[in-house]
Amino acid sequence: MRRPIVGGNWKMHLTRIGAVRLAREVGEGLRAHDVDAARLDVGVFPPFVYLDSVGTTLSDDRSPLELGAQDLHPEPEGAFTGEVSAPMLLDVGARAVLVGHSERRHVIGEPESLIRRKTHAALAAGLRCVLCVGELLDERDAGTTNEVNERQLRSALEGAAVRDPDMLVIAYEPVWAIGTGRTATPQDAQQAHAHIRRVLADVLGTDAAARVRIQYGGSVKPANAKELFSQPDIDGGLIGGASLKAEDFVAICLAAVPR
Ligand code: 13P
């Protein structure tokens with residue numbers, strides 16, 4: 001019943017020309033395989049400075065791809081040097097945004113209080129909010145994966161108004177699996193996703209929780225995508241490295257299309 005959703009998080013990669021080329025190739029690849037927007041949502045998340053160029057390419061191509069940003073500031077405008085707001089993202093054609101990616105939590109050092117404000121701002125602005133959660137390796141080794149995911153979810157969603165469950169996507173990305181070539185087993189990932197859905201049911205109600213898509217992220221490749229995406233609570237993926245190669249990203253998208 002949930003339409004799968006796949007995102008390509010381009011992180012701090014590419015040039016303007018390379019970003020435009022990649023977006024065009026992904027759009028062409030999806031069309032060549034007749035990927036129907038009714039059966040799959042696909043988004044790309046370029047760096048801020050390339051959003052406008054990539055957005056123009058997508059609208060020229062009438063591509064089914066949704067444009068997304070990798071971050072936002074919670075305030076709509078003001079004296080926040082270097083930051084970008086939700087209205088600015090909407091203005092350049094972005095329709096989705098990542099919030100709380102582990103690189104922002106653990107490398108940049110964003111606290112959960114800021115991630116909550118960003119979650120609220122994205123949802124209030126009508127951007128699709130892809131809220132990222134996931135445990136560090138020592139948290140996994142300590143057996144606290146579910147606890148960490150639950151804490152991050154409850155914190156970010158506290159007081160949030162989720163009017164349309166389609167506009168909230170959770171990306172479960174175990175930090176130890178990101179960019180390392182190590183992937184959670186489909187069974188471990190399913191177990192974490194099922195717990196995330198139970199927490200969502202408690203926070204948002206069972207009907208909404210059944211509609212929120214939960215993506216898996218962390219070293220997803222064409223070779224492992226199908227098995228991960230066939231788990232009952234895994235509704236697609238958030239892809240880093242493999243999203244930078246159109247052929248690989250399209251293959252991963254195809255693995256998410258229901259048969
Ligand atoms: P990799 O696919 O490179 O492991 O990155 C995952 C990720 O962080 C997507 O947001």
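The values are calculated or read from the model by the stated rules, or taken from the named source; none is laboratory data. These numbers were taken from a predicted model, which means no experiment stands behind them. Cβ: placed from backbone, ideal geometry, glycine included. Neighbour counts: every protein chain shown. The accessibility values were calculated without ligands, DNA or RNA, using every heavy atom of the protein model including side chains. Shrake-Rupley method; radii C 1.70, N 1.55, O 1.52, S 1.80 Å.
The residues of the stretch 110-122 that are surrounded by 13 or more Cβ atoms within 10 Å (Cβ to Cβ) and not in a helix (DSSP H, G or I) amount to a single one, E110. No other residue among A225, A194, A210, A201 is small (G, A, S) and within 16 Å of the ligand (Cβ to nearest atom) apart from A225. Remark: pairs (first residue in the stretch 101-112, free of Cβ contacts under 8 Å to residues at least 24 places away in the same chain; second residue surrounded by fewer than 20 Cβ atoms within 10 Å (Cβ to Cβ); Cβ separation under 7 Å; 6+ apart in sequence or on different chains) = E110/R104. The single condition among (1) at negative phi; (2) modelled with pLDDT of 95 or more; (3) open to solvent by 60 Å² or more (accessible area, probe 1.4 Å) that R182 does not meet is (2). Here V107 clears all of (1) of a type in the set (A, V, I, L, M, F, W, C); (2) open to solvent by less than 30 Å² (accessible area, probe 1.4 Å); (3) within 16 Å of the ligand (Cβ to nearest atom) except the condition numbered (2).
If the condition is being closer than 11 Å to V6 by Cα, within 11 Å of the ligand (Cβ to nearest atom) and of a type outside the set (A, V, I, L, M), then the stretch 241-259 contributes S243, F249. When you scan the stretch 146-155, do you find a residue that is in contact (Cβ under 8 Å) with a residue 60 or more places away in the chain and of a type outside the set (S, T, N, Q), even just one? Scanning the stretch 146-155, I find no residue that is in contact (Cβ under 8 Å) with a residue 60 or more places away in the chain and of a type outside the set (S, T, N, Q), so the answer is no.
Annotation: I234 fulfils all but one of (1) surrounded by fewer than 18 Cβ atoms within 10 Å (Cβ to Cβ); (2) part of a loop (DSSP other than H, G, I, E, B); (3) in contact with a strand residue (DSSP E or B) (Cβ under 9 Å, 6 or more places away or on another chain); the unmet one is (1).
Of the candidates V44, V49, the single residue that is closer than 18 Å to I252 by Cα and either of a type in the set (V, I, T) or in a strand (DSSP E or B) (or both) is V44. For S85, state whether it is touching a residue at least 60 places away in the same chain (Cβ under 8 Å), open to solvent by less than 70 Å² (accessible area, probe 1.4 Å) and in contact with a strand residue (DSSP E or B) (Cβ under 7 Å, 6 or more places away or on another chain). Against the criterion (touching a residue at least 60 places away in the same chain (Cβ under 8 Å), open to solvent by less than 70 Å² (accessible area, probe 1.4 Å) and in contact with a strand residue (DSSP E or B) (Cβ under 7 Å, 6 or more places away or on another chain)), S85 does not qualify.
For the stretch 163-179, the candidate set comprises residues that are open to solvent by less than 40 Å² (accessible area, probe 1.4 Å) and more than 16 Å from the ligand (Cβ to nearest atom); within that set, the residue that is farthest from the chain's Cα centre (by Cα) is P165. Within the stretch 1-47, the set of residues being away from the ligand (no atom under 16 Å from the Cβ), open to solvent by 20 Å² or more (accessible area, probe 1.4 Å) and not charged (D, E, K, R) comprises M1, T15, I17, V20, A32, H33, V35, A37, A38.
Set side by side, the residues A142, A192, A160 differ, and just one is at pLDDT 95 or above, small (G, A, S) and open to solvent by less than 10 Å² (accessible area, probe 1.4 Å), which is A192. Within the stretch 52-59, is there a residue that is touching a residue at least 60 places away in the same chain (Cβ under 8 Å) and within 24 Å of V257 (Cα to Cα)? No, there is no match, as no residue in the stretch 52-59 is touching a residue at least 60 places away in the same chain (Cβ under 8 Å) and within 24 Å of V257 (Cα to Cα).
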